[in-house]
1. Could you tell me whether V257 is modelled with pLDDT under 95 and under 30 Å from D381 (Cβ atoms)?
2. Just the residues that are surrounded by 15 or more Cβ atoms within 10 Å (Cβ to Cβ) and either touching a Ser or Thr at 6+ places or on another chain (Cβ under 8 Å) or more than 21 Å from I340 (Cα to Cα) (or both), please, taken from segment 395-414.
3. Does segment 141-154 hold any residues that are surrounded by 21 or more Cβ atoms within 10 Å (Cβ to Cβ) and more than 17 Å from G124 (Cα to Cα), and which are they?
4. Pairs please, first residue from segment 375-389 and of a type in the set (A, V, I, L, M), second anywhere and part of a strand (DSSP E or B) and surrounded by fewer than 20 Cβ atoms within 10 Å (Cβ to Cβ), Cβ atoms under 9 Å, 6+ apart in sequence or on different chains.
5. Can you tell me which residue in segment 355-390 is most open to solvent (accessible area, probe 1.4 Å), limited to those that are small (G, A, S) and modelled with pLDDT under 95?
6. Would you say T166 is away from the ligand (no atom under 12 Å from the Cβ), over 28 Å from R89 (Cβ atoms) and not in a helix (DSSP H, G or I)?
7. Is it the case, given these coordinates, that S151 is within 12 Å of the ligand (Cβ to nearest atom) and in contact with a Phe, Trp or Tyr (Cβ under 9 Å, 6 or more places away or on another chain)?
8. Can you give me the number of residues within segment 91-116 that are free of Cβ contacts under 8 Å to residues at least 40 places away in the same chain, under 21 Å from I155 (Cα atoms) and within 12 Å of the ligand (Cβ to nearest atom)?
Amino acid sequence: MAEKLVVIGQGYVGLPLAIRACEQGFEVVGFDTDETRIKRLLHGESFVEDVLDSRLGTALASGRYRPTPDAADLAEFDVAVISVPTPLRDGAPDLSYIEDAARALAAHLRPGSCVVLESTTYPGTTEELVGPILEERSGLVAGKGFHLGYSPERIDPGNATWTFETTPKVVSGVSPTCLARITEFYGQLVERTVPVRSPKEAELTKLLENTFRHVNIALVNELAMFANDLGIDVWDAIDAASTKPFGYMRFTPGPGVGGHCLPIDPSYLSWRVRRSLGHTFRFVELANDVNDHMPDYVVRRAVAMLNDRELSVKGRRILLLGLAYKKNTGDDRESPSRPIARQLAARGATVVAIDPHVDPEHSHAGVPLVELTAAELASADLVIALVDHDAFDLDLVQRHAVQILDTRRQLGGPNVEHL
Ligand SMILES: NC(=O)c1ccc[n+]([C@@H]2O[C@H](COP(=O)([O-])OP(=O)(O)OC[C@H]3O[C@@H](n4cnc5c(N)ncnc54)[C@H](O)[C@@H]3O)[C@@H](O)[C@H]2O)c1
């Protein structure tokens, strides 16, 4: 008989996992407390780019994928994966969603069941938070009565090369038996598993990866600001440095970091370091500071460009090309486009945006979305290119925009300034 997998949270992480497991023969319950999300899934509507509606439809038609808001459907699970949000509240980790998920699972835990946490969190969460909740409510002991471990999600929305299946999956367990069970589970879903010593190392792996990216982006962002003031083309230098075949990794400047990972995950690590050791994680603090201020810098540059044409921001029409936090995705959570739009609007500009990936009903930017047409481009006093979606017709932009501030260096010409 097929194993029963329950996936707690059917978002950007949980949905692709649930569908992949269904395709691999598991009976999958996709549990989510958001009833609207569940209704959409039941209608075959996916909001995650990496899961096409057709794939979702096939999974639903197989009868082996069941989205549900009802916790009773968790009963008799063999494996449970927790992929719920881990936001920051006033700078501190909010683990209440994980706690709720663990409580819901504890009621259905049986000897031999397996629980894996995938949500990004600080080292220690699996053993110090999830384990005790499961133990207390079930009367079973982690590592003896049931399996428990952590496996970070590395999903890169919109990346066609490195998908859920092809990206190596780091796995861990609270005991060697748990590790073996969890490795065996993920071995059925991905091409390669990477076992590590304990959940703490697996939790740190995820935070190391994201902190590394965050810090390096901050480095090139700060360099971009200085280079501009010094009259040096930072992009040229980055291109040249990228030809070094060893010891260098390419990162490029941008309008700031967004999404659910980079603006948040490194702070989980610095919070843990401060709380447990009393130290400040200086790299994280510095990177937060630089990256958080990039939207202000973009606005300053926009103001300066208009000023050069003897135009005030007030009364100007400014078109944001892209709202999402990254290329080829529709996710605009924590996107730098939001503070940029807000600041420009506060100065009296009329701000509109073009983003074919962003669903207007679920956009967080609070900006009217318009179509990419010659007339829209020509009617804007300034276009700020924030995202390098492949879907953008850059020729059209180049031909019809009056002036462009390009934060991704996709465009060139006399009417273009780069970040
Ligand atoms: N999005 C990414 O690219 C990405 C990549 C790697 C890791 N992560 C991490 O994975 C975790 C989930 O992120 P996401 O982007 O999938 O979030 P998301 O907001 O897209 O999805 C989470 C879902 O969990 C549901 N939920 C919340 N509490 C619940 C509960 N108690 N029971 C059932 N469902 C519940 C929400 O309604 C939501 O639909 C976070 O810790 C995030 O940091 C995200």
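1. yes
2. Of everything in segment 395-414, those that are surrounded by 15 or more Cβ atoms within 10 Å (Cβ to Cβ) and either touching a Ser or Thr at 6+ places or on another chain (Cβ under 8 Å) or more than 21 Å from I340 (Cα to Cα) (or both) turn out to be Q398, H400, R408, R409.
3. Residue satisfying the conditions is F146 alone.
4. A380/R317; A380/V352; L382/R317; A385/V416
5. Within segment 355-390, the subset small (G, A, S) is 363, 365-366, 374-375, 378-380, 385.
With the extra rule that they be modelled with pLDDT under 95, the set shrinks to 363, 365-366.
Numbers: S363: 33, A365: 16, G366: 77 Å².
Top of the filtered list is G366.
6. Numbers: away from the ligand (no atom under 12 Å from the Cβ): yes; over 28 Å from R89 (Cβ atoms): yes; not in a helix (DSSP H, G or I): yes.
The answer is yes for T166.
7. yes
8. Looking only at that region, the number is 2.
The values are calculated or read from the model by the stated rules, or taken from the named source; none is laboratory data. Please read all numbers here as calculations on a predicted model, not as lab measurements. All Cβ positions, glycine included, derive from the backbone under ideal geometry; neighbour counts span all protein chains shown. The accessibility values were calculated without ligands, DNA or RNA, using every heavy atom of the protein model including side chains. Shrake-Rupley method; radii C 1.70, N 1.55, O 1.52, S 1.80 Å.
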